[in-house]
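Asks: My questions will all concern the structure given below.
None of the figures in this text is laboratory data; all of them are computed from the coordinates on show. Keep in mind it's a predicted model, so treat the numbers as computed, not measured. Here the Cβ positions follow ideal geometry from the backbone for every residue, glycine too, while neighbour counts run over all protein chains shown.
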Amino acid sequence: MSETQTNDAQGLSSQLPEGGFPPPEALAAAANAGPDTYERAAADRVGFWEDAARRLDWDQPWEQALDWSNPPFAKWFVGGKLNVAANCVDRHVDAGHGSQVAYHWIGEPGDTRTITYAQLKDEVCKTANALIELGVQSGDRVAIYLPMIPETIFTMLACARIGAVHMVVFGGFSPDALASRITDADAKVVVTADGGYRRGAPSGLKPNVDEALTKTDGVRSVLVVNRTGQDVEMTEGRDVWWSDLVERQSTEHTAEAFDAEHPLYIMYTSGTTAKPKGILHTSGGYLTQVSYTHWATFDLKPDTDVYWTAADVGWVTGHSYIVYGPLSNRATSVMYEGTPETPHRGRWWEIVQEYGVTILYTAPTTIRTFMKWGDDVPAGFDLSSLRLLGSVGEPINPEAWLWYHKNIGGGRCPIVDTWWQTETGGHMITPLPGVTKLVPGSAQHPFPGISAKVVDDEGNELADDSTGLLVLTEPWPSMLRTIWGDDDRYVDTYWSRFGKNVYFAGDGAKKDADGNIWLLGRVDDVMNVSGHRISTTEVESALVSHPTVAEAAVVGATDPTTGQGIVAFVILRGDAVDRGEELVKELRLHVRKEIGPIASPRQIMVVQELPKTRSGKIMRRLLRDVAENRELGDVTTLTDSSVMELISSKLPSSG
Ligand code: WTA
């Protein structure tokens, strides 16, 4: 592929200090993790994770830290016992922190709830007692289909407390998607709400559950939180209101210790086939790594920080960094129910200002949306409480990184670009804010105790300054343990390409001359144009570096001459004028200049919206369908399926 110095190519190097942005001195001096953290982990990797595990309360210590005798089936902290919920809640109350706020919850319509650790303990115990009354036992699966409300967290922790396995399905999924997950996980109970608020209006959830339950058997109870007050049908003998069942429960419940490898949750994620994969996480190792990474990557100070992961609890980011990581570290968190533009585009910044948020963690796609809305929106708020920013979910292009750094972080906040996956459970590649000189666009270094490498197609480790595939070569505590009910698929998907000891992440990566790792997107998104491998991300990044472009999505469309041709979809910034063919020409030239002629898009389309999944990922598959004049595939996971009609209508029929 064409070698590019990403920063230089984008003309951004003049904005970067030599070697990267150094950690702020005050932060480095008091940082939770310092250079010695890397040294300790390098000297004794497993011992390092044992130290991390000792940050938790164990009812019974482990006998063996790691059992890797039967790869790729790992066991961490073998023989140890703990209760995950008690580690997240009870131990803080017992230590005298009951009056500390666990969550400042903010509903989209403007209603708020403040929940202290003592109140959280009461609510979790009540919910646990309610689940027990519904017959839920240790090991049973409980489906959770709820909006971003505190009851979602009460239910997750209640499951953990009684040893039930939660399976959260994002509230935006269709009845069909919900039904297939319920069937696959064989869930006995569903916890839902009448509805939730999104973009200023209540939207129904319970009707979706009713429809889903016509397509799957085995669910015997549905517990319904009253959120919006919408009219819903209640099926006699199956459905029960939260207010009727949970509110009358006792706040007393004695947490039982479970085995370190006891299943904690299943989270479905899409794979290359139509059937989603149920990623299984277990207790001790998962909590160890999410807790430790949350503490070290975000430099979390429980007494002074106000922490905000602006993501949905229905995704792994929410599980690990809204719920388990922050609570295990006794963080005070913000949790916001709605969308960033409701009721106005400054909503997030208003929240930061009002609650004095110190750490903000979000996704590049959202950052680029804010860029599109303009600098003056955040400029209207006092963001001086912020001291650290995070990014997750996709590569962050240097342009967006610098915008985030300047316009949100006031030029003073380090940005941690965290690479990880549903499967990895917690952070795997990220800078450490008190140590790393930050290079915009690169996730930089494996977290201490993590072994990540860039290899060629045969699995040979590549020298610095080359491009290949990302692999993880040692087991880690919060790794997935299997795909629910399908050990073979687990082995095939992740552990067969390079043997049973090497985890194939599915991401392309480049290691630069300084040893920084740059994630280049999924390898299935790598295009092959005239024999050159070009990452869609690289072309997108070049397009976004043009002053008129807010967001870009690039796909490789089949081309009779070149194998694939590059097709780009771009959204213009609010203040940019669509100058038609002239602008398209200019953009094409810009990409030629940034990366080289081989990366010049065959076609560039200016669009109003891009098709995104509800977790904010661009659905390139659909764009490829458009670019190749195919009938559209499944659009059920889109936030807004009308987007595709708009895009298709722009396309000249010749393609
Ligand atoms: C991508 C989200 C570049 C990557 C936690 C990975 C990233 C997939 C980054 C997992 C990052 C996540 N830089 N790419 N900082 N973080 N990704 O399972 O392609 O929803 O394989 O987990 O997102 O997505 P998932």
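Asks: Pull up all non-local amide H partners of V549: gap of 5 or more, or a different chain, and H-to-H distance under 5 Å with H placed in the peptide plane.
Replies: Distant-sequence amide H within range of V549: R573.
Asks: Would you work out the charge dipole size for the chain about its Cα centre, treating the Cβ of every Lys and Arg as +1 and the Cβ of every Asp and Glu as -1, and quote it to the nearest 20 debye?
Replies: 440 debye
Asks: Could I ask something else about it? Give the peptides 106-112, 579-585, 497-503 in descending order of average Cβ contacts within 10 Å, highest first.
Replies: With the highest mean Cβ count within 10 Å placed first, the list reads 497-503, 106-112, 579-585.
Asks: Now for a separate question. Pull out a ≥ b ≥ c, the square roots of the eigenvalues of the alpha-carbon gyration tensor of segment 530-649, then state rounded if a/c is under 1.5, prolate if not and a/b is larger than b/c, and oblate in the remaining case.
Replies: Since a/c reaches 1.5 but b/c is at least a/b, the shape of segment 530-649 is classed as oblate.
Asks: A follow-up question, please. Rounded to the nearest 500, what is the 222 nm mean residue ellipticity of the chain from helices alone, with -39500 (n - 2.57) per DSSP H run of 4+ residues and division by all residues?
Replies: Using -39500 (n - 2.57) per qualifying helix, the result is -7500 deg cm²/dmol.
Asks: Related question: Arranged from highest to lowest average of other beta-carbon atoms within 10 Å per residue, in what order do the peptides 157-166, 220-229 appear?
Replies: 157-166, 220-229
Asks: For segment 169-176, just list the computed ³J(HN,Hα) in residue order, Karplus coefficients 6.51, -1.76 and 1.60, θ = phi - 60°, integers in Hz, with x standing in for Gly and Pro.
Replies: Values, residue by residue: 10, 3, x, x, 6, 6, x, 4 Hz.
Asks: If amide H atoms are built 1.01 Å from N in the plane of the peptide, which residues on other chains or at least 5 residues away come under 5 Å of the amide H of T332?
Replies: Here Y307 satisfy the definition.
Asks: Could you tell me what percent of the DSSP beta bridges with both partners in segment 530-649 are antiparallel, to the nearest 5?
Replies: Of those bridges, close to 75 percent are antiparallel.
Asks: Go through segment 7-102 and name the trypsin sites (Lys or Arg not before Pro) that are in a DSSP coil and have 16 or fewer other Cβ atoms within 10 Å of their Cβ.
Replies: In loop regions of segment 7-102 (DSSP not H, G, I, E or B), the sparsely surrounded trypsin sites (Lys or Arg not before Pro) are R54, R55.
Asks: Moving on. Is the C-alpha gyration tensor of segment 458-567 telling us rounded, prolate or oblate? Criteria: a/c under 1.5 is rounded; beyond that, a/b larger than b/c is prolate, otherwise oblate.
Replies: Note, shape of segment 458-567 comes out prolate.
Asks: Just need log10 I(q)/I(0) for segment 21-144 at q = 0.11 Å⁻¹, Debye formula, equal scatterers on the alpha-carbon atoms, no solvent, rounded to two decimals.
Replies: Scattering profile of segment 21-144, log10 relative to I(0): -0.68.
Asks: Could you give me the percent of Cα pairs per 5 Å distance bin for segment 139-281, shortest bin first, beginning at zero and ending with the bin that holds the maximum distance?
Replies: Whole-percent P(r) values from 0 Å outward: 2, 10, 19, 23, 21, 14, 8, 3, 1, 0.
Asks: Nearest 10 degrees is fine. How inclined is helix 150-162 to the longest principal axis of the chain, computing both from alpha carbons?
Replies: The two axes meet at around 60 degrees.
Asks: Which three extents, in whole angstrom, do the alpha-carbon atoms of segment 189-250 cover along their principal axes, largest first?
Replies: Per principal axis, max minus min of the Cα coordinates gives 35, 34, 15 Å.
Asks: From the Cα gyration tensor of segment 277-351, with a ≥ b ≥ c the square roots of its eigenvalues, which class applies: rounded if a/c is under 1.5, or else prolate if a/b is larger than b/c, or else oblate?
Replies: oblate
Asks: What is the set of long-range amide H partners of A509 at a cut-off below 5 Å, with H atoms built 1.01 Å from backbone N?
Replies: Correct list: G468, L469, L470, L520.
Asks: Using only the alpha-carbon atoms, how far is helix 364-373 inclined from the longest principal axis of the chain? Give it as 0 to 90 degrees, nearest 10.
Replies: For 364-373 against the chain, the angle is about 60 degrees.
Asks: Give me the compactness ratio for segment 112-201, meaning the Cα radius of gyration over 2.2 N^0.38 Å.
Replies: My calculation over the Cα atoms of segment 112-201 gives 1.11.
Asks: Hey, what did the chain get for relative contact order, percent, Cα under 8 Å, at least 6 apart?
Replies: That works out to 13 percent.
Asks: Which is farthest toward the positive dipole end of the chain among T422, T365, S180, measuring Cα position about the Cα centre, with Cβ charges +1 (Lys, Arg) and -1 (Asp, Glu)?
Replies: Farthest along the dipole direction, towards plus: T365.
Asks: Output wanted: per-residue J couplings in Hz (rounded whole) for segment 456-464, from phi through Karplus 6.51 cos²θ - 1.76 cosθ + 1.60, θ = phi - 60°, x for Gly and Pro.
Replies: For segment 456-464, the Karplus-derived couplings read 8, 4, 8, x, 7, 5, 8, 6, 4 Hz, x marking Gly and Pro.
Asks: In Å, what Kirkwood hydrodynamic radius results for segment 322-454 from the alpha-carbon pair distances?
Replies: 15.6 Å
Asks: Put +1 on the Cβ of every Lys and Arg and -1 on every Asp and Glu Cβ in the chain; which of V377, F298, L120 then has its Cα farthest towards the positive end of the dipole?
Replies: The residue sitting most towards the positive pole is V377.
Asks: Please report how far the C-alpha centroid of segment 149-172 lies from that of segment 212-260, rounded to the nearest whole angstrom.
Replies: Computed from Cα coordinates, the inter-centre distance equals 11 Å.
Asks: Neighbouring Cβ atoms within 10 Å as the yardstick, rank I351, I182 fewest first.
Replies: I351, I182
Asks: Ranked from highest to lowest mean number of other Cβ atoms within 10 Å per residue, what is the order of the peptides 590-600, 535-545?
Replies: Going from most to least packed, we get 535-545, 590-600.
Asks: Cα axis of helix 284-297 to longest principal axis of the chain: angle in degrees, 0 to 90, nearest 10?
Replies: 50 degrees
Asks: With all distinct Cα pairs included, what does the Kirkwood hydrodynamic radius of the chain come out to in Å, to one decimal, could you say?
Replies: 25.3 Å
Asks: Restricting to Cα pairs below 8 Å that are 6+ residues apart, what does the relative contact order work out to for segment 530-649? Please round to a whole percent.
Replies: Dividing the mean separation by the residue count of segment 530-649 yields 23 percent.
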